[in-house]
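Read through the structure below, which is laid out as structure tokens, and then see the notes.
The values are calculated or read from the model by the stated rules, or taken from the named source; none is laboratory data. Computed from a predicted structure; not experimentally measured. When we count neighbours, we look across all protein chains shown, and the Cβ atoms used for this are built from the backbone with ideal geometry, even at glycine.
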Amino acid sequence: MKNNTQLFRKVGPASHRKAKAPVPTEATEVRETSAAQAALTNAPLHKARLGRLNLTVWMREDKHGTVRFSINLARSYKTEEGYRETSSLDQGDLVSAITLLTEAQAVLPPVLSQP
């Protein structure tokens, strides 16, 4: 088995690489909707943006009346046609993703253990 230094190839001298932008640690844009309003208007319960990542929390009720929550995490990127979103994250997105998902967990009600 190769040691870890052999698994990664060197891209070139550090002077040729782009400097990485500092990773923000707080969401730059947060929108919250009350649970009652979200249920009536089909609006997301919570939206947040951090850097190029967007987080959306949806509240829905299934056919048995049980309330469920869905969490969407997407990365924005620019193409010649305009901005797009993908669910694929780059390694540099992990800190922002953790921050946003932690925020989503704080918005959601505590999970009750099922008997």
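For residues that are loosely packed, with under 11 Cβ neighbours inside 10 Å and either of a type outside the set (S, T, N, Q) or touching a Lys or Arg at 6+ places or on another chain (Cβ under 8 Å) (or both), scanning just segment 106-115, find the one that is farthest from HIS46 (Cα to Cα).
Looking only at segment 106-115, we keep the residues that are loosely packed, with under 11 Cβ neighbours inside 10 Å, and these are 106, 109-115.
Filter once more, so that each one left must be either of a type outside the set (S, T, N, Q) or touching a Lys or Arg at 6+ places or on another chain (Cβ under 8 Å) (or both): 106, 109-112, 115.
On the way: ALA106: 11, PRO109: 13, PRO110: 16, VAL111: 17, LEU112: 21, PRO115: 29 Å.
My answer is PRO115.
Just name the residue that is modelled with the lowest pLDDT out of those in segment 30-69 that are of a type in the set (A, V, I, L, M) and over 29 Å from LEU89 (Cβ atoms).
Selected residue: ALA39.
Return the only residue of ARG68, ARG60 being surrounded by 10 or more Cβ atoms within 10 Å (Cβ to Cβ), of a type in the set (Lys, Arg) and part of a strand (DSSP E or B).
Step by step, each of ARG68, ARG60 is checked, and only ARG60 is surrounded by 10 or more Cβ atoms within 10 Å (Cβ to Cβ), of a type in the set (Lys, Arg) and part of a strand (DSSP E or B).
Here are the criteria: (1) assigned to a loop (DSSP other than H, G, I, E, B); (2) modelled with pLDDT of 90 or more; (3) loosely packed, with under 13 Cβ neighbours inside 10 Å. Tell me which single one LEU89 does not satisfy.
Failed condition: (3).
Within segment 71-86, track down each residue that is surrounded by fewer than 10 Cβ atoms within 10 Å (Cβ to Cβ) and not polar (S, T, N, Q).
Listed by number, the residues that qualify are LYS78, GLU80, GLU81, GLY82, TYR83.
When the residues of segment 52-96 are narrowed to those that are among the basic types (Lys, Arg) and out of contact with any helix residue (DSSP H, G or I) (no Cβ under 8 Å at 6 or more places or on another chain), which ends up farthest from LEU108 (Cα to Cα)? Write out each step before concluding.
Filtering segment 52-96 for residues among the basic types (Lys, Arg) gives 52, 60, 63, 68, 75, 78, 84.
Subset that is out of contact with any helix residue (DSSP H, G or I) (no Cβ under 8 Å at 6 or more places or on another chain): 60, 63, 68, 78, 84.
On the way: ARG60: 13, LYS63: 21, ARG68: 10, LYS78: 31, ARG84: 27 Å.
Filtering first and then ranking leaves LYS78.
Being in contact with a strand residue (DSSP E or B) (Cβ under 9 Å, 6 or more places away or on another chain), among the small types (Gly, Ala, Ser) and either modelled with pLDDT under 95 or at positive phi (or both) is true for just one of ALA97, ALA104. Which residue is that?
The conditions single out ALA104.
Keeping to segment 77-105, report how many residues are farther than 23 Å from ASN42 by Cα and touching a residue at least 24 places away in the same chain (Cβ under 8 Å).
8
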